[in-house]
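Here's the structure, in structure tokens; my notes come after.
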Amino acid sequence: MYINLDSLRECSQLQSLYLGRNRFTSLELESLRKCENLNTLDLSINQFTSLDLTPLSKYS
């Protein structure tokens with residue numbers, strides 16, 4: 001499976017993103033680059049084969 005979060009590209013007020021219990025094989029978070037107020041990103045229950053968190057590096 002593949003998920004593209006392009007729909008969140010303009011979500012500047014996003015507070016929480018919960019993807020638990022899904023099993024994506026590919027997740028692209030490039031679209032979160034503009035989410036300035038992202039407080040919570042919960043991926044704890046997922047089993048990814050490919051996960052690119054590079055766009056979120058500024059939050060760490």
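Computed values, structure above
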read-out: Answer residue from region 24-60, given it is over 17 Å from Leu14 (Cβ atoms) and under 10 Å from the mean Cα position of the chain (by Cα) and is modelled with the highest pLDDT among those; value: Leu51
read-out: Looking only at region 2-23, and only at residues there that are surrounded by fewer than 13 Cβ atoms within 10 Å (Cβ to Cβ), of a type in the set (D, E, K, R) and assigned to a loop (DSSP other than H, G, I, E, B), the one that is modelled with the lowest pLDDT; value: Glu10
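The values are calculated or read from the model by the stated rules, or taken from the named source; none is laboratory data. Not measured: the values here are computed from a predicted model. Methodologically, a virtual Cβ is constructed for each residue, glycine included, from the backbone with ideal geometry; neighbour enumeration extends over all protein chains shown.
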